[in-house]
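To keep things clear, I will list the structure first and then write my remarks on it.
Taken together, the values in this text are just the output of simple stated rules run on the coordinates, not laboratory data. Worth saying up front: this structure is predicted, and the values here are computed from it rather than measured. Here the Cβ positions follow ideal geometry from the backbone for every residue, glycine too, while neighbour counts run over all protein chains shown.
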């Protein structure tokens, strides 16, 4: 059996944000953590992945048919699609409920799935197509399920009572990931259907600040525009917590796993790698942006393609960075990243590294993160990474 050699893409980003509250905890404060013995600002992995997925669509980096939806409103979306095909609403609701139950997923009393399910748009569309194909059988199955529920028979507990095994098999076969790039990248877990789980091809770390951070408070008051002039006092007042930090962001892609998740479609896998790189550079979390407008692009982007030896460079910032006479916070963070990379290569070697590319704003003095071919902008960096991955895949068969 032919085995593909590993190919990994790593992305290291330094991004300095103005005062902001990009990712809040349950109290409304900016998320944080302790690293290197001091308090750091943090942006969660989930928040970053959401921003990346949103950017896929906003920037049209991938076709709609190759993206997914994370939702509990699967039934409502299927009903909408069936109505668009001319089916009556009430009957569509019953058919959809029977079809979803037949897949092995459960709906609650509000006709929502028990938890968020992550499905490719094509998977959802194919379920709708099967609902049309087996319309009469599913209508009868829904009637049988209603009867069973009223009579409280044991049949009620079955998955999709009254639905034939052939229909159940057809519906189950649909749940294959749908060649959705974001499902392939970030994976999914369906608690009711473990056989339909997908191992994530990408790892995205929590972003943490390179510098020590203290949370600050903004006291605000708002004037009531229609309040009489002789009246005093604000219409409302409150506080918002915020911070400002230079974040280190790390992520990687296991390209061989990505290929597997996408049905060995090499062109789609390469397009997904490109979309992930571009989106990661462009993506900015949306928390409190209308109040603070922290729209700051990355100050440094470093990409690596390698066969083995994944390296997060977080430990470059165990000692928190600060501005001094030799450079500002961003410049000194880049220098720390540069030094950490050199030390890792010196100790562990760079034999598995196939290529590296760096771009930065006002980088200062760096000697180790320089691109192999002088790449100086995002577009060139992305194209060179994708080209290297493509060549590595071609050479990677044993």
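So, in Å, what gap is there between the alpha-carbon centers of the stretch 215-252 and the stretch 1-51? Here the answer is 25 Å between Cα centres.
To make sure I understand, if each residue's beta carbon is the centre and we count other beta carbons within 10 Å, what order do 109, 169, 31 fall in, fewest to most?
Values: 109 5, 169 10, 31 21.
With the sparsest Cβ surroundings first, the list reads 109, 169, 31.
Helix 74-84 and the long axis of the chain differ in direction by around 70°, with both axes built from C-alpha atoms. The stretch 316-339 and the stretch 284-315 have Cα centres spaced 16 Å apart.
Quick check on the chain: helices-only [θ] at 222 nm, where DSSP H runs of length 4 and up contribute -39,500 (n - 2.57) each and the sum goes over total residues. Nearest 500, please.
Values: 12 runs with 152 residues, N = 398.
Taken over the chain, the calculation gives -12000 deg cm²/dmol.
Rounded to the nearest 10 degrees, the inclination of helix 45-58 to the longest alpha-carbon principal axis of the chain is 80 degrees.
For Cα pairs less than 8 Å apart in space and 6+ apart in sequence, what is the mean separation divided by the residue count of the stretch 1-64, i.e. the relative contact order in percent?
16 percent
Assuming a ≥ b ≥ c are the square roots of the Cα gyration tensor eigenvalues, decide whether the stretch 1-96 counts as rounded (a/c under 1.5), prolate (otherwise, with a/b larger than b/c) or oblate. Oblate shape, in that a/c is at least 1.5 and b/c is the bigger or equal ratio. Label separation (residue 215 vs residue 166): 6.0 nm, computed from points 7 Å beyond Cα along the C-beta direction.
The angle separating the long axis of helix 165-174 from the principal Cα axis of greatest extent in the chain is about 20 degrees.
Relative contact order for the chain: 27 percent, from Cα pairs under 8 Å spaced at least 6 residues apart, divided by residue count. Computed on the stretch 301-398, the Cα convex hull volume stands at 99 Å³ per residue. Debye-formula intensities of the chain, expressed as log10 I(q)/I(0) at q = 0.08, 0.10, 0.11 Å⁻¹, are -0.56, -0.80, -0.90 (one equal scatterer per alpha-carbon, no solvent).
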